[in-house]
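Shown next, in structure tokens, is the structure this report addresses.
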Amino acid sequence: MKPYAVSEQNSLGRINDEPKSPLRNEFQRDRDRIIHSSAFRRLMYKTQVFVNHEGDMFRTRLTHSLEVAQISRGIARCLGLNEDLAETIALAHDLGHSPFGHAGQDALNKCMQDYGGFEHNLQSLRVVDLLEKRYFNFNGLNLTFESREGILKHCSTKNAKQLGALGERFIHKTQPSLEAQVVDLADGIAYNIHDLEDGYRSGILNIDMMCEIGLFKQFFSEVKLIAKCASEKIIVYETLRRMMYFLINNVSTESEKKISSSNISQINEVRQLNKPLIGFGKDAELELTQCRQSLKTMLYQHKRIQQMSTQAHEIIQLLFDHYLNCIELIPKDYQVDVNPERAVADFISGMTDRFAIQLHKSL
Ligand code: MG
């Protein structure tokens, strides 16, 4: 590993000291704690874009997280960074996501607007710091500082002020570890590519629509020339694979350049910078932005997806009002906050789509 990678030697450690494991390094240990957590299992039934019951073909939060982990490991390995840490952060990055994807998070944020709001990144941190209960001497999973730093991808300044060392970078506008930066970009690569695939499988996106995306069009024409007899589906998959390879390769080579021209030699220097060192080249960045915008208008704002969003808002608002009136119905494990509104948000955000739908029906 490179000297500026996070290592056990330069790690800032855990809040509660624990004896070292003879079998695994500290970051592998964090990863294993995440995999065994109940919040991780529930990702299986949480929406990425399509609600879980719409079909078994589509991504869920769980498979999304696995894809982000795979991409993160690859980039981290290429750059000589801490692969275990990158994997850990990726697997945990969406643990705090509410049911029904972004619609669910918006709905919960709206319910919580007078009580401090709801941010899913901050919620992921709450899950690993407080809400998972599996140890007799502390709440949460007692992860290393570096895993927690990576999980907290974004945070408002107001909330950052209450987080001590972990929040400082949002106040000073500085950067987290390179491993955290890698996962941030891997997340974007993963969802742009897999949302195109799921959008295509669902029938919402067709070839003409996808060809409005420059990067797709470029690789699609390339593949079509060499795979003339292949089915449309195979050509689309091959195109998406090439797009993904291009983006991963671009991040790896461009980041390598940025790292070497920055002359950093240790992690402290990475954390003092005001700009990330992991990033795409200018052209690839523009292509990806265009892809994201097209997905927004063609897929995320499509009426079939929007219908689900409207339902999600209704369900979450009703559950929120109900549980705020009957706070005693919330399981004890979720009552870690003195504010009843926060306890309700913790409970609802932990729900899977189907659990929320069932509860809503029963009310
Ligand atoms: Mg994600």
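The values are calculated or read from the model by the stated rules, or taken from the named source; none is laboratory data. Note that the structure is predicted; figures quoted are calculated from it, not measured. So basically every Cβ, Gly included, is an ideal-geometry build from the backbone, and we count neighbours across all protein chains shown. Protein only, heavy atoms only, side chains kept; ligands, DNA and RNA dropped before computing areas. Shrake-Rupley method; radii C 1.70, N 1.55, O 1.52, S 1.80 Å.
Brief remarks on what is shown
- Listed by chain and number, the lysines whose alpha-carbon sits under 18 Å from that of residue 282, ignoring those within fewer than 8 places in the same chain, are 257, 258.
- Here's the picture: charge each Lys and Arg Cβ at +1 and each Asp and Glu Cβ at -1 in region 26-362, and of 231, 260, 193 the one pushed furthest to the positive end of that dipole is 231.
- Under 5 Å from the amide H of residue 279 lie the amide H atoms of 255, each residue being 5 or more positions distant or on a separate chain, with H modelled from the backbone and absent for Pro and chain starts.
- Positive-end residue of 286, 306, 324, charge dipole of the chain with Cβ unit charges: 286
- Cα-based shape type of region 56-121, given that a ≥ b ≥ c are square roots of the gyration tensor eigenvalues and the cut on a/c is 1.5: oblate
- Within the accessible area of the chain (1.4 Å probe), percent carbon and sulfur: 51 percent
- For region 103-119, putting each phi into the Karplus relation 6.51 cos²θ - 1.76 cosθ + 1.60 with θ = phi - 60° gives couplings of 4, x, 5, 5, 5, 5, 4, 5, 4, 9, 4, 8, 10, x, x, 9, 10 Hz, in residue order, rounded to whole numbers and with x for Gly and Pro.
- Rounded to the nearest whole Hz, the Karplus-based 3J(HN,Hα) values (6.51 cos²θ - 1.76 cosθ + 1.60, θ = phi - 60°) of region 299-313 follow the sequence 10, 4, 9, 5, 5, 5, 6, 5, 4, 4, 4, 4, 4, 4, 4, with x at glycine and proline.
- Rolling a 1.4 Å probe across the protein heavy atoms gives region 249-359 an accessible surface of 55 Å² per residue.
- Secondary-structure-derived ellipticity at 222 nm for the chain, considering helices only, amounts to -18000 deg cm²/dmol, per-run term -39500 (n - 2.57) for DSSP H runs with n ≥ 4.
- Candidates 323, 191, 135: whichever shows maximal mean-square fluctuation once the chain is modelled as a Gaussian network with Cα springs under 10 Å: 135
- Neighbours of residue 163 by Cβ distance under 14 Å: Lys/Arg scored +1, Asp/Glu scored -1, total +2.
- Theoretical gain in end-to-end length, residue 265 to residue 136 [0.36 nm per residue, Cα-Cα removed]: 42.5 nm
- Here residue 304 and residue 333 are evaluated by their C-beta separation; at R0 = 25 Å the FRET efficiency comes out at 0.10.
- From phi via Karplus (6.51, -1.76, 1.60), per-residue ³J(HN,Hα) for region 331-337 in Hz, x at Gly/Pro: x, 3, 4, 8, 8, 9, 10
- Cα gyration tensor shape of region 229-363, rounded if a/c is under 1.5, else prolate or oblate by comparing a/b with b/c: oblate
- The calculated P(r) of region 26-362, using every Cα pair and 20 Å bins from 0, goes 29, 58, 13, 0 in percent.
- Under DSSP loop assignment and at most 15 Cβ neighbours within 10 Å, longest GluC sites (Glu not before Pro)-free interval of the chain: 9-211
- Most fluctuating residue given options 223, 49, 338, as computed from a GNM of the chain linking Cα atoms under 10 Å: 338
- Expressed as a fraction of 2.2 N^0.38 Å, the value expected for a compact globular protein of N residues, the C-alpha radius of gyration of region 1-101 is 1.22.
- Accessible area of region 1-116 divided out per residue, in Å², using a probe of 1.4 angstrom: 43 Å²
- Largest to smallest accessible area among 277, 225 [probe 1.4 Å]: 225, 277
- Extension gain for the segment residue 237 to residue 8, taken as residue separation times 0.36 nm less the Cα-Cα distance, is 78.5 nm to one decimal.
- Amide hydrogen proximity for residue 96: with H placed 1.01 Å from N in the peptide plane, the residues at 5 or more positions away or on another chain lying under 5 Å are 124.
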